[in-house]
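Read the figures in this text as sums done on the coordinates, not as results from a lab. Treat the numbers as computed from the prediction; the structure is a model and nothing was measured. Here the Cβ positions follow ideal geometry from the backbone for every residue, glycine too, while neighbour counts run over all protein chains shown.
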Amino acid sequence: MLHQIPALTSKDREVLEDVEAMRRELQHQVLQTPTKWTAGLRRTLTANAIAGSNTIEGYKVDSVDVEDLIDGEQEVATSEENKAETLAYQHAMTYIQSLHDAPGFTYSVWLLNALHWMLQGHHYPRKLAGQFRRRGVWINEPGAPEEVAYVAPDHDLLPKLMGELVEWANEGDLDAPMLVRAAMVHLNLVNIHPWPDGNGRMSRSLQTLVIARGGTLAPEFSSIESWLGKPKNTWEYYRVLNQVGGREWSPRRDTAPWLRFNLLAYHQQSQSVQHRIDRSNRCWIDLTAYAERHGIDERQITALHDAALAGRVRRARYQRAENLSNQQAVRDVRALTEAGLLEAVGNTKSRFYVPGPDFPAEVLAAVRQPIRLVDPYED
């Protein structure tokens, strides 16, 4: 038996309808936005998801550094362990994103084990990867390693439980809203805890895959992992998992608090993504107008846009984004630096560029405007 979908309250349904409406609007807006404008945003959202999920597990890498690692930059100010975990998670996430429209797709135990290998294979053979654990396991209380928060099902039960979970993912409760099914897959996998390590990231990844397979939005816009990685949300994440999961495998417990927590996550993540799209588009428009007034080449706007939104840009990223030769990219970045629009930081190997003293202040002010997220459950 697995954890079951709870009865949705009228408020739950109202929040779910809000989320679905926001997602449809986001889909429409993304389709109407030039591909060049959304390419960087997709990369940023992916990096935020990776950084958020890894942060929950204690691997601290800033989302901008995650973007650099994805781009192949090695001179990133973090440990080799953090780099390895980030790149492994990015490898798994890229595969998950590629599956969103794969024909003939089905969930299987082997798919999940393969994803786990992508995530944890760099630890093999020191740690088992791509296979279910072969002994019992427990989860410690966050911040109190001497206390047991949860005892997972015995390893002998894993084939049956995982077979049941995969069957449900393919055929169970298909009339339930997709976002609800995604939340329940997450809850069941994290509590079954089938692998020696990486269960949290696998559960969050599987939730993202279920949402992406829903087809409303591109996979990069579907994850709630960056929202979960915020400190106050991470604390609440563990609290709700503890409340709903109990001290041991107890699939008859009330799952309503877990569903409500996820609906809140979906809602606020959708708000955040909408804000990012609006901010990014506004930045492109303002920088385009500025470039026209000051004789700046259209392609150079890409470098300025990255510097404004991410706070920095690397020459190599700009070169790839605009499909330039090394000489062209060097010349463009030098021209922007000499104009005071960019400013170099660091030595040649690790150098990046931040907004310079003459970067248009009104553009920076607009992109740095914070957002106040609404809690749909509050009056």
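Observations on the model:
- For the pair region 79-144 and region 236-294, the centres of their Cα atoms are 22 angstrom apart.
- For the peptides 79-91, 201-213, the ranking by mean Cβ contacts within 10 Å, running from highest to lowest, is 201-213, 79-91.
- The phi-based Karplus calculation (6.51 cos²θ - 1.76 cosθ + 1.60; θ = phi - 60°) puts the 3J(HN,Hα) values of region 111-120 at 4, 5, 5, 5, 4, 5, 4, 4, 7, 10 Hz, whole numbers, x for Gly and Pro.
- Links that overshoot a 20 Å alpha carbon limit, given the list Lys83/Lys127; Lys11/Lys230; Lys127/Lys230: Lys11/Lys230; Lys127/Lys230
- Peptides ranked, highest mean first, by Cβ atoms within 10 Å: ranges 368-374, 219-225, 8-14: 219-225, 8-14, 368-374
- The residues Met178, Met118, when put in order of fewest to most other Cβ atoms within 10 Å, stand as Met178, Met118.
- Converting phi to 3J(HN,Hα) with the Karplus coefficients 6.51, -1.76 and 1.60 and the offset θ = phi - 60°, region 330-343 yields 4, 5, 5, 5, 4, 5, 5, 5, 5, 7, x, 7, 10, 9 Hz in sequence order, with x at every glycine or proline.
- Cut-off under 5 Å, modelled amide H: who pairs with Glu57 long-range: none
- The slack between Lys36 and Leu99, meaning 0.36 nm per residue of separation minus the straight C-alpha distance, is 20.4 nm.
- Along the axis of the charge dipole computed for the chain (Cβ charges of +1 for Lys and Arg, -1 for Asp and Glu, origin at the Cα centre), the listed residues Gly200, Gln269, Leu111 are led at the positive end by Leu111.
- Averaging the sequence gap over all C-alpha pairs within less than 8 Å and six or more residues apart, then dividing by the number of residues, gives the chain a relative contact order of 20 percent.
- Ranked list, fewest to most other Cβ atoms within 10 Å of each Cβ, for Glu57, Glu248: Glu248, Glu57
- When you filter the chymotrypsin sites (Phe, Trp or Tyr not before Pro) in region 138-176 for DSSP loop state and at most 13 other Cβ atoms inside 10 Å of their Cβ, nothing is left.
- Between the beta carbons of His155 and Trp110, assuming R0 = 25 Å, the FRET efficiency works out to 0.85 to the nearest 0.05.
- Expected 222 nm ellipticity per residue - DSSP helices of 4 or more, -39500 (n - 2.57), all of the chain, to 500: -19000 deg cm²/dmol
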